[in-house]
Amino acid sequence: MKNYLILIIFAVLLVSCNKKTTSAVTEGAEIAYTDVATLAKNNFKGDYKILNNKNNAYVAIYEVLPETNIYGKSTTKILVYDVKSKSVIWGKNAENGVVSWEGKYELKVDYTQDTKKLSLVYNPKTKQVTYNQ
């Protein structure tokens, strides 16, 4: 009987600790989401997209602007936000830009410049850009 009582007390403590941890993580995620949503609304006009990297440490926010240039290409406006420091760490405008996270710290942007198709990879951890032709 004594063993069952100890087991029940241990289970109750385990469940209550797990709930506290979960709510703290959820609150932190909500704060980060609120910061990103506010940043997006302040910097983008229309239909923006939000992409988190694999560990949710960085967020790419981008929008394809409705205006076109003399070549008939749209501009994609891109910002990268660091969740921990709560700041924008990189930005770029790219013609016909296609944005995707290719790895944990690899934001890939395929774009055109004049008539050439190009791509770049931005690493938010090292803050380096690698251009591929």
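The values are calculated or read from the model by the stated rules, or taken from the named source; none is laboratory data. What you see is a predicted model; the values in this text were computed from it and never measured. Ideal geometry is used to build each Cβ from the backbone, glycine not excepted, and the neighbour counts take in all protein chains shown. Only protein heavy atoms, including side chains, enter the accessible area calculation; ligands, DNA and RNA are left aside. Shrake-Rupley method; radii C 1.70, N 1.55, O 1.52, S 1.80 Å.
Return yes when I89 is at pLDDT 95 or above, surrounded by 13 or more Cβ atoms within 10 Å (Cβ to Cβ) and touching a helix residue (DSSP H, G or I) at 6+ places or on another chain (Cβ under 6 Å) and no when it is not. Judged against the criteria, I89 is not a match. Scanning segment 114-128 for residues that are more than 23 Å from Y71 (Cβ to Cβ) and touching a strand residue (DSSP E or B) at 6+ places or on another chain (Cβ under 7 Å) gives V121, Y122, N123, P124, K127.
When the strands (runs of 3 or more DSSP E) confined to segment 83-133 are screened for residues that are under 17 Å from E63 (Cβ atoms), those reaching at least 3 such residues are found at 87-103, 106-113. Looking at T26, T34, T68, T21, just one residue is more than 12 Å from the chain's Cα centre (by Cα) and either at pLDDT 80 or above or closer than 25 Å to Y111 by Cα (or both), and that residue is T68. From the set of residues in segment 93-106 that are open to solvent by 50 Å² or more (accessible area, probe 1.4 Å) and under 19 Å from V64 (Cα atoms), which is farthest from the chain's Cα centre (by Cα)? Here the answer is N96. Of all residues in segment 57-86, those that are exposed (fewer than 11 other Cβ atoms within 10 Å of the Cβ) and either farther than 25 Å from K116 by Cβ or touching a helix residue (DSSP H, G or I) at 6+ places or on another chain (Cβ under 6 Å) (or both) total 2.
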